[in-house]
Every structure is written in C-alpha cells, then in structure tokens.
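Please find one structure pasted underneath; my questions will follow.
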Amino acid sequence: MKILIANRGEIAVRIIRACREMGLPTVAVYSDCDRDARHVREADQAFHIGPSEAVKSYLRIDAIVDAAKRAGADAVHPGYGFLAENAAFARACAGAGLTFIGPSADAIALMGSKTAAREAAISAGVPVVPGTERPLDERVSDDEIATMAEAIGYPLVVKAVAGGGGKGMRTVDDRASLSGAIRTARSEAGSAFGNSAIYLERRLVRPRHIEIQLLGDRHGTVIPFVERECSIQRRHQKVVEESPSIAVTPELRRRIATAAAAVARAVNYSNAGTIEFLLDENGAFYFLEMNTRLQVEHPVTEVVTSIDLVQWQIRIARGEKLTIDPERALTPHGHAIECRIYAEDPDHGFLPSPGLIRGLRPAAGPGVRDDGGVSAGYTVPVFYDSMIAKLVTWGESRGHAVRRMSRALREYEVLGIQTTIPFFLWLMRQPDYIEGRYDTTYLDRLLAGRNGQSFSELTEADEELASMAAALDTYLRSSAPSGGAGLHRERSGLNGASGAGHYGRPSWKHAARREALRE
Ligand code: MV4
C-alpha cells in the first residue's frame, strides 16, 4: 500500500515514520515555500501541488487527488487540520479509488454538526451540557432564543453549529448581553464556516478539558484509551497536554471511556477519533464534541500505552481487526507531557516569528520524544500554523515527567527564530502547574497577571554556570599564550559564536554555554 500524505510539517514526518516502519512507500505533497521542507526530503516521492497559500495547495482537493493518481498511491492520510475533517475530501478520495485513512465521509459530516453530535451523545445515554438540541438559524428570533436561554439558565455560551474548538464561541452572563452575542456569533460563524447557525449551552465554571482517544475498526470494535488532560490552553489553542489527568481516578476513567466508546458505536465510527468532555469540580463529566481525526496531542497517549496510533490507523484502513487488549489501552504506564513548540515570540504577545532556522538541536536522552517538522536551513513560512515541533517527555510519575520536560527544554536549541521554549521553561516552574492545580481558565489568567515581564529571564542554574565560566575564562586568559590554545577561536555549529545573539540574551551567557559544553 503506497500512501500519499496530504499534509506538511511535523505530522507529515510522523506519518512517514509509521509508514517506513511498516515497509510502506510514501508520497509527499508540497507548496512553493515547502520545496525544501523536511517532509519532502523524507518521503520516497514528492509532488508539487501549488502556490504557498493553503487554499491554493494543501486545501486543493483536486490537486491532491491528482497527485495521488499520478504517483500511483493506494491510500491518502490527511493528518490533522487542512482537509482532515472535510467530508468532501474523504468522498473525493473514495471516488478516485483511494483509501481514505480516517473515518467515513458520513461520520465526518455528522460530527461536523455540533448539534447532531450532541444528539448522538444523548441517544447513546451520555451526559451533555444542558443546552439547545436544534440549530438556531436566522429564522429563530432573539425573543424565542431568550425563552430557551431562561429554561437552560445563565451563564451561557453561544456556539457555532459548524464550529468547534472555541471558534465563534461567545459567553453570555444575562439577557441584556444575549442579543449582541447571538449577532456576533452568527456573523463570525457565517464568514468562518459558511453556516451562521448557532446553539446554546449552559456555561460550566472552571471546567477541566478531558478527552478520550479511541480507535474503531471496520468490524464494529471500538477501543477507548486512557484520557488526555488538555486544560492548558491559550486563547482556545492547546499548548500543553498530558496523559493521564491527575483529576481522573481509575474508576472515573472507566466511566468516561465507556461513555466515549458508546458515542462512537452510536455512529458506527471507524479509525481514530477523539471525544472531548468538560469535567466539573464535582467530577461530573459532559460530552462536548467529537474530533474525527488524529489529533496533534496523540503522542502522549502513545507514550503511556506503547501503542502506535498511526500504524493502527493504517491497519484499520486496510480492513484489519483491532487486536489491542482493551485493558492495556486504558491503563497508563507512567506519565507523559507534551509541549507544542511554536515559532512565536512569547516576549511579544506570542507574535509569529517566521524565518530561517540557522541551527537546530532537538532534545534527546532518556524519556524524551521529539516530533519535529523542520530542519536547520529551512525557512518557517508565514502561510501556515507556526508549530515547528512537539516535545514529549515520559516519567514514572507526573513530577518526574515535569522535571524531564524542564531538562529537555533547556537542551533544545533553535537558532535564528524566536520560539515558545522560554515560555514553557517558565510554565514548568509555576507552583500551580507543578501541583496540577489548573483548569481551562488557568493559563489566560496566569498570562494576564504577568504584565509584560520577559520569559527569557535567567534561571539560577544559568547564573551559576555563567559565573563559573567567567572565572575559568579569566584564569585561562591569564595563563594561555596569546593566539595559542584557541579557546576563543570561532567555532561552527550550534554552540559557536555565530549563534550568539539570536536568543536576545547577553553574549556572556553564550560564552558560558560554550565553555561549559567543551569536552
Ligand atoms: C465550554 C466551556 C464552558 N461551558 N462549554 C472552548 C473550546 C471548545 N472546544 C469548547 N470550549 C469551552 N466550552 C461550556 N458549556 C468552556 C470552554 C472553554 C475551554 C474549553 C477547553 C479548553 C479551554 C477552554 C478555555 C475557555 C473556555
């Protein structure tokens, strides 16, 4: 089976790794700015599909299906984002005789409607947040909606039927702000999704965001996995994920997993999918939505279960039966944490920081997994999501995984662009994070309370290292013959003088690092 990967960056690289381990040939696709991208070099073949703008390349169903036919591919893996949850793409693949490595087009379309998804959950006997069942289009008046709102009870959220992930979502505290929220939510949904229908839900206060990964085969078997904790989000973007959640007991895990599997079975789901839940302070959980794709954060599940989800996606698409032991999927071994490393400047409001990567040394060593998507010499484009790597650590306990993450983040070097690494180093030192005391509102509140301090401040260890290096340098300068020992010669590579300055840190720190790393 030859597989075309209809994606780019780290997820394309991840899928190529799975294919290579299974002995399957791979086909990459790329846009103008991705000619030299890592996924293009690592695939067996690559086809150009258009200009840099995503709508002219990675979102072009016709161009991708055409590339698959020209390459003689048998199957298409959509990754996440782009066309991954596009029912028309799944249908176009099937129509061209290509196996779509994902759920059926019908399942994608059904779960794409957030009200239909709520109905499916209700029919499966799974609790949903109190709310409206029918999509509320322009024909439903504000007064009618206000009556429904009264019955549900404030505070509320207005959500887009075609939305998901918080896009087009508006919070409402009382009747006075309802009409305005409906208007803006409808208008946002109309331009973002071409569907302005909305629905209402009671708003939970400070919930945790828990999700259940599952796999379904084409023979009716559905296996739910141990939960992921995804409450650390910035403006509805996940930035850190973990498995398991410290808020979930083994007994609660079984109940949430059983509920998730019931929803998937109710819609005859096959391949990889994820059910999102909100968990309140009392341990009550509520169905939120279903994502009909492999998710960005799938590695934390792979790490604590030792199950390769991407390989299983391919095996399921080939018609194989799931032979995973359900107890193994539900029982975490140790703890895993993922940090999404973005080409963004945390010291300037997380502004994108595209540009040339002049040097790259990912973290490695015990318990570290780097799902990277770029290489040195590549220019991070402005056209797409700016995530350049996912750093995952495993530990025997959560504390161990957190300490490993701090160690790995300090090891990780990216030269030439700004990244979110300094932000994660700071987050890993926050007492509430270390204790696991957080919910979905935690990170935005924490960041709002910082008023502009730099994340790149020195840690105590850095300062100690710097003074040691300075002392050593003074000593060696005083005893070395001039132009001799070469202590201050230019060095190529990541720790050389050429890299100094790209962190925006004082050069003595680079001198310290350089000295410390010398054998
Ligand atoms: C909610 C909610 C509270 N009550 N729904 C935002 C993303 C989307 N998947 C659902 N979201 C929320 N839906 C009800 N009825 C709070 C959020 C929410 C949130 C959810 C997950 C992670 C971070 C979040 C941050 C703010 C709000």
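The values are calculated or read from the model by the stated rules, or taken from the named source; none is laboratory data. Just so you know, these numbers come straight off a predicted model, no measurement behind them. Quick reminder, even Gly has a Cβ in these numbers, built from the backbone with ideal geometry, and neighbours come from all protein chains shown. Remember, those area values only see protein heavy atoms, side chains included, never the ligands or the DNA or RNA. Shrake-Rupley method; radii C 1.70, N 1.55, O 1.52, S 1.80 Å.
Among the polar types (S, T, N, Q) and open to solvent by 10 Å² or more (accessible area, probe 1.4 Å): is that true of Thr331 in this structure?
yes
Tell me, yes or no, whether segment 156-167 has at least one residue that is open to solvent by 60 Å² or more (accessible area, probe 1.4 Å) and more than 23 Å from the chain's Cα centre (by Cα).
Among the residues of segment 156-167, not one is open to solvent by 60 Å² or more (accessible area, probe 1.4 Å) and more than 23 Å from the chain's Cα centre (by Cα), which makes the answer no.
Still on this model: Considering only residues that are free of Cβ contacts under 8 Å to residues at least 12 places away in the same chain and either touching a Phe, Trp or Tyr at 6+ places or on another chain (Cβ under 7 Å) or assigned to a loop (DSSP other than H, G, I, E, B) (or both), which ones fall in segment 221-248?
none
Does any residue of segment 89-99 turn out to be open to solvent by less than 20 Å² (accessible area, probe 1.4 Å), within 27 Å of Arg14 (Cα to Cα), more than 16 Å from the ligand (Cβ to nearest atom) and assigned to a loop (DSSP other than H, G, I, E, B)? Spell out how you get there, then give the answer.
The initial filter retains those residues of segment 89-99 that are open to solvent by less than 20 Å² (accessible area, probe 1.4 Å), namely 89-90, 93, 98.
In the following step, the residues that additionally are within 27 Å of Arg14 (Cα to Cα) were identified as 89-90, 93, 98.
The next check asks that each one be more than 16 Å from the ligand (Cβ to nearest atom); those that pass are 89-90, 93, 98.
Right, trim to assigned to a loop (DSSP other than H, G, I, E, B) and you get 98.
Yes; the residues of segment 89-99 include at least one that is open to solvent by less than 20 Å² (accessible area, probe 1.4 Å), within 27 Å of Arg14 (Cα to Cα), more than 16 Å from the ligand (Cβ to nearest atom) and assigned to a loop (DSSP other than H, G, I, E, B).
Quick one: is Leu415 open to solvent by less than 60 Å² (accessible area, probe 1.4 Å) and closer than 30 Å to Val205 by Cα?
Details: open to solvent by less than 60 Å² (accessible area, probe 1.4 Å): yes; closer than 30 Å to Val205 by Cα: no.
For Leu415, the condition - open to solvent by less than 60 Å² (accessible area, probe 1.4 Å) and closer than 30 Å to Val205 by Cα - is not met.
Then there is this: Please list, ordered by first then second residue, the pairs with beta carbon atoms under 6 Å, 6 or more apart or interchain, first in segment 308-322 and under 17 Å from Pro78 (Cα atoms), second part of a helix (DSSP H, G or I) and hydrophobic (A, V, I, L, M, F, W, C).
Val310/Ile15; Val310/Ala18; Gln311/Ala18
For segment 348-360, how many residues are within 25 Å of Val402 (Cα to Cα) and surrounded by 16 or more Cβ atoms within 10 Å (Cβ to Cβ)?
So the answer is 2.
A further question on this structure: Report yes if Val263 is of a type in the set (A, V, I, L, M), away from the ligand (no atom under 16 Å from the Cβ) and not in a strand (DSSP E or B), otherwise no.
no
Going through segment 137-171 one residue at a time, which ones are on the phi > 0 side of the Ramachandran plot and more than 8 Å from the ligand (Cβ to nearest atom)?
Across segment 137-171, the qualifying residues are Gly153, Gly168.
Within segment 263-282, how many residues are surrounded by fewer than 19 Cβ atoms within 10 Å (Cβ to Cβ) and at pLDDT 95 or above? Full working, then the answer.
At the first step, the residues of segment 263-282 found to be surrounded by fewer than 19 Cβ atoms within 10 Å (Cβ to Cβ) are 265-266, 268, 280-282.
If we keep only those that are at pLDDT 95 or above as well, we get 265-266, 268, 280.
Number satisfying all stated conditions: 4.
Any idea which of (1) open to solvent by less than 20 Å² (accessible area, probe 1.4 Å); (2) in contact with an Asp or Glu (Cβ under 9 Å, 6 or more places away or on another chain); (3) within 16 Å of the ligand (Cβ to nearest atom) is the one Val126 doesn't satisfy?
Going through (1) open to solvent by less than 20 Å² (accessible area, probe 1.4 Å); (2) in contact with an Asp or Glu (Cβ under 9 Å, 6 or more places away or on another chain); (3) within 16 Å of the ligand (Cβ to nearest atom) one by one, Val126 breaks only (2).
List every residue pair whose Cβ atoms lie under 7 Å apart, where the two residues are 6 or more positions apart in sequence or sit on different chains, the first residue falls within segment 192-212 and is without any contact (Cβ under 8 Å) to a residue 40 or more places away in the chain, and the second residue, located anywhere, is open to solvent by 10 Å² or more (accessible area, probe 1.4 Å) and within 9 Å of the ligand (Cβ to nearest atom).
Correct list of pairs: Ala192/Lys167; Phe193/Gly163.
Each row is one residue, and each column tells you yes or no for (1) polar (S, T, N, Q); (2) more than 25 Å from Asp280 (Cα to Cα); (3) at pLDDT 95 or above.
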| residue | (1), (2), (3) |
| --- | --- |
| Ala92 | no, yes, yes |
| Phe100 | no, yes, yes |
| Asp106 | no, yes, yes |
| Ala109 | no, yes, yes |
| Arg118 | no, no, yes |
| Val126 | no, no, yes |
| Glu138 | no, yes, no |
| Asp142 | no, yes, no |
| Arg202 | no, no, yes |
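Could you tell me whether Val240 is farther than 29 Å from Arg429 by Cβ and crowded, with 21+ Cβ neighbours inside 10 Å?
Judged against the criteria, Val240 is not a match.
Could you list, in sequence order, all residues of segment 68-86 that are more than 21 Å from Arg315 (Cα to Cα), out of contact with any Phe, Trp or Tyr (no Cβ under 7 Å at 6 or more places or on another chain) and assigned to a helix (DSSP H, G or I)?
Lys69
Going through segment 185-220 one residue at a time, which ones are assigned to a helix (DSSP H, G or I) and within 16 Å of the ligand (Cβ to nearest atom)?
First, the residues of segment 185-220 that are assigned to a helix (DSSP H, G or I): 185-193.
Selection gives Ala185, Glu188, Ala189, Ala192, Phe193.
Moving on. Could you tell me how many of the residues in segment 289-302 are hydrophobic (A, V, I, L, M, F, W, C), outside any loop (DSSP other than H, G, I, E, B) and surrounded by fewer than 24 Cβ atoms within 10 Å (Cβ to Cβ)?
Here the count works out to 0.
Something else about it: Does segment 368-389 contain at least one residue that is away from the ligand (no atom under 16 Å from the Cβ), of a type in the set (Val, Ile, Thr) and open to solvent by 40 Å² or more (accessible area, probe 1.4 Å)?
Among the residues of segment 368-389, at least one is away from the ligand (no atom under 16 Å from the Cβ), of a type in the set (Val, Ile, Thr) and open to solvent by 40 Å² or more (accessible area, probe 1.4 Å), which makes the answer yes.
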